[in-house]
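Below you'll find the structure, written out as structure tokens, and then a few comments.
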Amino acid sequence: MLGALRRKVASGRSSASILGKSLQAIRPGVSASRVSSNAGKEMLSVQLRGIAHVRNFSHLVLPGCSAGLIKTRDAICIIQPEAIMQTSCRAFSSGDGDLVDAVVPFMGESISDGTLATFLKKPGDRVKADEPIAQIETDKVTIDVVSPQDGVIQEYVAKEGETVEPGTRVAVISKSAEGVAAAAPTEMKSEKAASEPSPPAEAVKEDKPKAKVEASPAAAKPKAPSPPPPKRTASEPVLPPKERERRVPMTRLRKRVATRLKDSQNTFALLTTFNEVDMTNLMKLRSDYKDAFVEKHGVKLGFMSGFVKATVSALQNQPIVNAVIDGDDIIYRDYIDISIAVGTSKGLVVPVVRDADKMNFAEIEKTINNLAKKANDGTISIDEMAGGSFTISNGGVYGSLLSTPIINPPQSAILGMHSIVSRPMVVGGTVVPRPMMYIALTYDHRLIDGREAVFFLRRIKDVVEDPRRLLLDV
């Protein structure tokens, strides 16, 4: 209606007749003849953002009003429907246009808070948009706090070691260097105040006699003799002094790992069974095809892909190992997601290879390499570590000969790989050196019996010692 009104005004028609017809369309009781003839001729266009700007006024005679004059601006407010205001909110922005806030990002569905571990930049440093300025440690991963825009870090409003939640302000970024430069005079004033001369020594000397007089009554009292130090008995050990010890708070990741492993020990009926694997054929397979494998797939052929394929075959033969107890029920998983334990400088993380039963050797190697790189760089996400139906831990990369791994809840078993050592073995009645590896399976004895556990390890041994079984499915 307003658009038509403006077009009619522009065409030269009188504003009184136009407004009269407009009001008649809205209020049938108002006729066009009752509109005053001294209506203004000029009126600005009404912006659709909800604000009407009117330059001159027109006066309307409304029913029931003798003087009955109101501004055309008010009449148009009657005509104009209520506009919907749309407000936009800029993320990380504070009230001042020059200053923006760097806040804690969303950390995942299962993570409600974290610990501000360290600052990567100092106040006064220039940063670019999306450049990390601080790191937050959570129960599972380390998350970066990034700068929302290019600018200079004016100040940090949070402290290291504080517990922060998503949306908490961490730093104030000045898009121009003015905010940082304004702080310089204040610092110079404090330096000047510190450099002011101390009061004269005579005033200090005058205060000293008074202190002596006040302290003289206390000095007259004799001091009680101090008790002799306790004598050490011959059996009491001599402990090192406390000055030679350091107390460091645990990181969130370390506390989370400690809690989960202790819960596993308290919940499961842990039992470990062992076997040994002759690695001759798998090592020969790797040696014969490693160059062609790299050339075609762009990734090296390792032992992990062979053990993952062997584990998939064993889980398919013994599905109870892939199941889990939930209350009074047993949940059988019809998928195979293999968790791979990766040790990093900050702690143990367990990324997951999804649908490992549908992957070939190359896809498994690429996935493991990608997840291990993210874990060491601290860029791995929560989703990449969630779930998993079975875990493989390779302590052999660190030289472990034998171990009893602990189950990763809510799984029911874990396979431990170890170092390859050449040992004398009897082959065909002859003692020959063979590259051997001990493997261990820790399982929840509440769910898995010894028979299934032994058959599981035996299947892994058979597949690794003769990989041709995977092709023939025997």
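What the table shows:
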| item | result |
| --- | --- |
| Test result for VAL299, part of a helix (DSSP H, G or I) and among the hydrophobic types (A, V, I, L, M, F, W, C) | no |
| Meets criteria (open to solvent by 70 Å² or more (accessible area, probe 1.4 Å), within 21 Å of LEU415 (Cβ to Cβ) and among the hydrophobic types (A, V, I, L, M, F, W, C)) for PHE307 | no |
| Residue within the stretch 268-281 that is modelled with pLDDT of 95 or more and within 30 Å of THR379 (Cβ to Cβ) present | no |
| Residue match in the stretch 335-345 (condition: over 24 Å from THR267 (Cβ atoms) and either surrounded by fewer than 22 Cβ atoms within 10 Å (Cβ to Cβ) or at pLDDT below 95 (or both)) | yes |
| ARG423 being part of a strand (DSSP E or B) and farther than 30 Å from ASP139 by Cα | yes |
| Top-ranked residue in the stretch 346-373 [being without any contact (Cβ under 8 Å) to a residue 12 or more places away in the chain and in a helix (DSSP H, G or I); ranked as most open to solvent (accessible area, probe 1.4 Å)] | LYS358 |
| Any hit, the stretch 421-432, residues being open to solvent by less than 10 Å² (accessible area, probe 1.4 Å) and either on the phi > 0 side of the Ramachandran plot or not assigned by the TED database to the domain that holds VAL141 (or both) | no |
| Check on SER339, of a type outside the set (D, E, K, R), under 18 Å from ILE407 (Cβ atoms) and within 23 Å of the chain's Cα centre (by Cα) | yes |
| Output for the stretch 429-448, where each listed residue is assigned to a strand (DSSP E or B) and among the aliphatic types (A, V, I, L, M) | VAL431, VAL432, MET436, MET437, ILE439, ALA440, LEU441 |
| Test for SER216: is it at pLDDT 85 or above, part of a helix (DSSP H, G or I) and among the small types (Gly, Ala, Ser) | no |
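The values are calculated or read from the model by the stated rules, or taken from the named source; none is laboratory data. Not measured: the values here are computed from a predicted model. Note that each Cβ is placed from the backbone with ideal geometry, even for glycine, and that neighbours are counted across all protein chains shown. Areas reflect the complete protein model, heavy atoms only, side chains present, ligands, DNA and RNA absent. Shrake-Rupley method; radii C 1.70, N 1.55, O 1.52, S 1.80 Å.
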